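Here the structure comes first, spelled out in structure tokens, and everything after it is commentary.
We did not get these values from a lab; they are worked out from the coordinates using the rules stated. These numbers were taken from a predicted model, which means no experiment stands behind them. Every residue, glycine among them, receives a Cβ derived from its backbone with ideal geometry; neighbour counts consider all protein chains shown.
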Amino acid sequence: MNQTRKKEGVRTTGIPSKEELEASPGYPSYEALTRGPIVVIECVQDIPCNPCESICPKGAIRVGNPITRLPVFYPEECDGCGNCIPICPGQAIFRVDINHAEDKATVSFPYEYLPLPKKNDIVQGVNRTGEAVCEAEVLRVQKPRKFAQTTVITVAVPKELAMEVRSIKRLKRME
Amino acid sequence: MGKTEIAVVGGGAAGMTAAIESARAGAQVTIIDENEQPGGQLFKQIHKFFGSGVHRAGTRGVQIGRDLLREAEEAGVQTRLNTVVYGIFPDKRLGLICGDHTEELASEIIILATGANENALSFPGWTLPGVMGAGATQTLININRVLPGRRILMVGAGNVGLIVSYQLLQAGADVIAVIEGLSYIGGYGVHASKIRRAGVPILTGFTVLRAEGKESVERAVIAQVDEKWQPISGSEEVLEVETICLAVGLSPLSELAWMAGCRFSFLPALGGWVPAHDENMQCNLPGIYVAGDLAGIEEASTAMEEGRLAGLAAAESLGYLPPEEGRKRKEELRNRLAALRIGSFGEGRATAKKKLMRAMCEK
Amino acid sequence: MAKKFDVGVIGGGIIGCAVAYYLSRSGASVVLFEKNYICSGASGANQGGMAMQVFDLKTIPLALASSELYSGLSDELDYDIEYRKNGSILVTRDAYQVPLLERRYDELKRMGLDVDLWDENKLRRFPGGDREPFLAVIESHFDIQLSPFRATYGLAFAAKRQGVKILTNAPVAQIKTVKKKIHSVVLETGEEFVCGNVVCAAGPWARQIGQMVGLDIPVEPQRGQIIVTEQAADSEYPYILDGSYLMTAYGVKAVGEDEAARKRHAMGIAGSYAQDAAGNWTIGSSRDMAGFDKTNSPEVLKGMARHLLSFFPGMKDLNCIRFFAGFRPYCVRDGHPILGRAPDLSGFYLAAGHAGEGVALAPMTGKLIAEEITTGKTSFPLDDFRYERFESKRP
Amino acid sequence: MRIEDHPILGKVERGRKITLKVDGEPVMAFEGETIAAALIASGQRVFRYTEKRVEPRGVFCALGRCTDCVMTVDGQPNVRTCVTPARDGMIIQMQGTPDQRETALDAGEGEG
């Protein structure tokens, strides 16, 4: 199943291209990431939607009017609380801490499958195409009531994959 | 013959909100729904909705459904379940089938919120057990809590195809591929990204050639198509699947509106033949309103705003709202609707809706 | 520039399509104007059968000749019209209708038709007669059924293949005459078609077309309502009528009806049940004059359903899948079709007023009108059906 | 295949266990669920055969529209199983099976 296409992007592959991400006002620069854990918004289409703006306690995400505008992210305002991760109906918001350890970064992402991994589990980190790219250690599995059944999982991954890993390989269901 | 001030046909997203608004304004409202439970398709919408706070963005459809049931009860809406509306007759009389007998219900206003039908796609083998609507699959997994198959092929990469694929994964199935005849993904990119991260390929420019199997689907043969949607020979691939889900669009469920004598316009952006209506959701026939997918295929969020608008306008026309308040609240709802019909995913529908309203002025 | 044709046919129902088809076989150049789409009027709103045993005796010979044409039509058109020679039964459970049926049986027998009056033994064995037996049953062995949609489209497709130009969504606005002769047809779009002959096959709209040439065609819409059920197993008797049909459709008199029957007859309700090739039953019938109001009424639908169950209680488990209303083109002067050339207007031909027998009489109507236009003569006498009959009756 | 646990909807809450008789065989179901759900859970895919061409059909719309899933329930033919709740002891039969046809044909010949 060959998926090569001219001008690949979210409309043809379902995955935002590097160009699309970098052109998006929600996608922070690498330099911004070095200052501490912040969120990364991978929202590249004019969908009528703004819960990320409403929920951010710091005003670090601004959509404005009309609500189809892409979220503009102000990394300097973001304290990395991650409230926007589970609220995003498109599951397009992640948190990245590239300073987690010498060679490790953490990535937090929404996860809505069963079974859930447990803290300290070693699982496989997957990139945007679902391909396993590394081992990932589960650091946190958060599922408070206010997340409305969405779980936010934080994993530690090799630092150079901080902007690649966006989820984990789904775990086998027990029958 | 029974009587009600406002009869709402269909207790889904649009019908419930219409009934709630009318009843809150003071009107006597009866929802008629053929199912055991009201709520329509909301209870299988287990994903979080888009929009903004007023549209309940970030809340799951199933939760919104629960809230609407409670609100309807609090507002004093009467609900007649397991009741089929078999016809609309002159003087806004509804013919009802309730179990083994028929009844008539006289009303001053009818709000039609009958929803939509899934489109089918015919190809050799499409009648085999295992080929089903994507919405049907969604009902089975999220309402009935059964999996129709382990290995799934999804046909269509609009929002329904993408969302149901995701929900199939959540239910424990494997989606072998999503195929789409167009050269691009029609649904929201974020829905596509979700399933791509889960390892599901999305093949654009592909169609299903045939379903094979003795008594039910055992495999699907897919192929690439050219610009004229003709299969390219040599591009066939065989997928071992036991279920083929069709997510190839919806059509307004419009029989009752036709029967009532509503004027229709053909607007592909809204799913085909759609009853013309004005900015109060009223049709060319005074006292007949439409809302939700019947008035044009859109999202549940728009259906709910349209329902509110229709319900409010209906109550207002019966004198239940001071004109100034009615005007203000309807304007607010129209703005909320407009907010959902902008951008590259919404413009087409906004334009089509304008045409629909212009059709009201034609002879 | 106006386009030129030998004949313009107004109406894309089964009559217009049959006229166009038979004309095209004779080599005439034909254009057909349909204001909506093919089969959008009465031709698509009926039960698809020819229960000739209940017809007015005057039309039976014409109908028989038509059914003869139908028997070979699928092959001729290379299109399956679902022709079935299943016969029909005419039944009653009302004592007062028994003489009616006996008289009808004698009349049919005298015409040499293949009918049986069932003896008591067979009545008791009637399947589905799970109430008391019928009091009388006439079985016709010559009645036929077909798909009216397939027949109409089959005729239209064949006509098209033979060169007929078929225009749909093409309402006629005007018919131009020059010195008492037809000159041309003008559409609402302004498009003009020069044709020396025009056939009015406009069904219930015949009167409006007649007005365009100053001719009063006494045809008005008679509304009929029909319920359609889901598919059921094939019935041994797929076409069943009851004695009331003779009364409501043909005004045959009978004395002794009770209050319920009187009310039912006043609504024009009589039993007419036909199972199509796919297994669906159509449940009729009703008659009333309501202008062009095509709405259904729950009273009539319920009345028809109750009447059905009084005959066949077992049908209560069949689901209804839809219902509809249509307009029979009914000749308000005498209920008979109006066929052939119009008086005092050269080139104007009538194929109108077929009431509930449009499907039944279509092939012969098409054949005879084509003959008259192309040769001036007909192979079957049309005298009983010509427009002139109204003039002779004038006081 | 039943979905017992679900990441969004949680553990399933079901009615009491009941038994249906489907073409003579007992099938376990839960009160309140549709007949179709119980049959799918039991692995059944073919719900009926068509009248004319004897082709298999299964659940297609799951909404009570398409009538592909109709079966004979307690003697009543053409019941839409996707919208009809299961009840204990229901007798459910497939319509249009090749076997059934042969039986019907034989009976017909017997009657003459």
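What to note about this one:
- In the protein assembly as shown, the convex hull through the Cα atoms has an average projected area of 47.6 nm², a quarter of its surface area.
- Each residue of segment B:264-281 was assigned a 3J(HN,Hα) from its phi angle through the Karplus expression (A = 6.51, B = -1.76, C = 1.60, θ = phi - 60°), giving 10, 10, 9, 9, x, 5, 10, x, x, 6, 10, x, 5, 8, 8, 6, 9, 6 Hz with x at Gly and Pro.
- Normalised convex hull volume, segment A:1-136, alpha-carbon set, Å³ per residue: 138
- Annotation: amide H-H contacts under 5 Å for B:LEU203 (H modelled 1.01 Å from N, sequence separation of 5 or more, or interchain): B:VAL178, B:ILE179, B:GLU180.
- Against the main long axis of the alpha-carbon atoms of chain C, helix C:14-25 sits at an angle near 50°.
- Spin-label model, B:GLU236/C:ASP344: points 7 Å from Cα along the beta carbon direction are separated by 7.1 nm.
- Alpha-carbon centroid distance for the pair segment B:43-78 / segment A:34-72, whole angstrom: 24
- Residues B:TRP258, C:TRP205, arranged from fewest to most other Cβ atoms within 10 angstrom of their Cβ, appear as B:TRP258, C:TRP205.
- Selected from C:ALA360, B:HIS101, B:LEU267, residue furthest toward positive end of dipole (the protein assembly as shown; charges at beta carbon): B:LEU267
- The fewest-to-most ranking of B:HIS101, B:HIS47 by surrounding Cβ atoms within 10 Å reads B:HIS101, B:HIS47.
- J(HN,Hα) series, segment C:313-329, from Karplus relation 6.51 cos²θ - 1.76 cosθ + 1.60, nearest Hz, glycine and proline x: x, x, 6, 5, 7, 7, 7, 7, 9, 6, 8, 7, 10, x, 10, 7, x
- Set of lysines with alpha-carbon distance to C:LYS316 below 20 Å, sequence-local pairs under 8 removed: C:LYS302
- Residue of C:ALA370, C:ALA233, C:ALA342 that the Gaussian network model of chain C assigns the largest fluctuation, springs spanning Cα pairs under 10 Å: C:ALA233
- As a calculated quantity, the FRET efficiency between A:LYS7 and A:PHE147 at R0 = 41 Å, using C-beta atoms, amounts to about 0.65.
- Annotation: lysines with alpha-carbon distance below 16 angstrom to A:LYS119 (same-chain offsets under eight excluded): A:LYS143, A:LYS169.
- Helix B:61-75 and the long axis of chain B differ in direction by around 10°, with both axes built from C-alpha atoms.
- Amide H contacts under 5 Å for A:GLN124, placed H, 5+ residues apart: A:ALA136, A:LYS169
- R0 of 45 Å, Cβ-Cβ distance A:SER29-D:LYS11: FRET efficiency to nearest 0.05: 0.50
- For segment B:315-332, Karplus couplings with θ = phi - 60° (6.51, -1.76, 1.60), whole Hz, Gly/Pro x: 4, 4, 5, 8, x, 8, 10, x, x, 5, 5, x, 4, 5, 6, 5, 4, 4
- As a calculated quantity, the FRET efficiency between C:ARG333 and B:ARG150 at R0 = 60 Å, using C-beta atoms, amounts to about 0.25.
- Relative to the longest principal axis of the Cα atoms of chain D, helix D:98-111 runs at roughly 30 degrees.
- Alpha-carbon geometry of chain C: the Rg and the Dmax are 21.0, 72 Å, given in that order.
- Calculated [θ] (222 nm, deg cm²/dmol) that DSSP helices of n ≥ 4 give over chain A, each run adding -39,500 (n - 2.57): -2500 deg cm²/dmol
- Over segment D:17-105, the reciprocal of the mean inverse Cα-Cα separation, the Kirkwood hydrodynamic radius, stands at 12.9 Å.
- Across segment B:120-246, Cα-Cα pairs farther apart than 25 Å form 16% of the total.
- B:TRP258 paired with B:ALA106, simple spin-label distance in nm, labels 7 Å along Cα-to-beta-carbon: 3.0
- Pairwise centroid distance, computed over Cα atoms, of segment C:353-395 with segment A:138-175, Å: 83
- Additional length obtainable on full extension of the chain from B:ARG358 to B:GLN78, 0.36 nm per residue less Cα span: 97.4 nm
- Top of C:VAL199, C:VAL300, C:VAL219 by mean-square fluctuation, Gaussian network on chain C, Cα under 10 Å: C:VAL300
- Rounded to the nearest 500, the helix-only mean residue ellipticity at 222 nm of chain B stands at -9500 deg cm²/dmol, with each DSSP H run of n ≥ 4 adding -39,500 (n - 2.57).
- Taking 0.36 nm per residue of separation and subtracting the current Cα-Cα distance, fully stretching the chain between C:CYS320 and C:SER379 would add 16.8 nm.
- Helical mean residue ellipticity (222 nm; -39500 (n - 2.57) per DSSP H run of 4+; nearest 500) of chain D: -5500 deg cm²/dmol
- Of the trypsin sites (Lys or Arg not before Pro) found in segment C:165-240, the ones in coil according to DSSP and having at most 15 other Cβ atoms within 10 Å of their Cβ are C:LYS179, C:LYS180.
- Approximate shape of segment C:155-232 as ellipsoid semi-axes (Cα gyration tensor, √5λ), whole Å, largest first: 29, 20, 11
- Residues with amide H under 5 Å from that of B:TYR86, placed H, sequence gap 5 or more: B:GLY95, B:LEU96, B:ILE97
- The separation of segment C:274-305 from segment C:180-259, counted between C-alpha centres, amounts to 15 Å.
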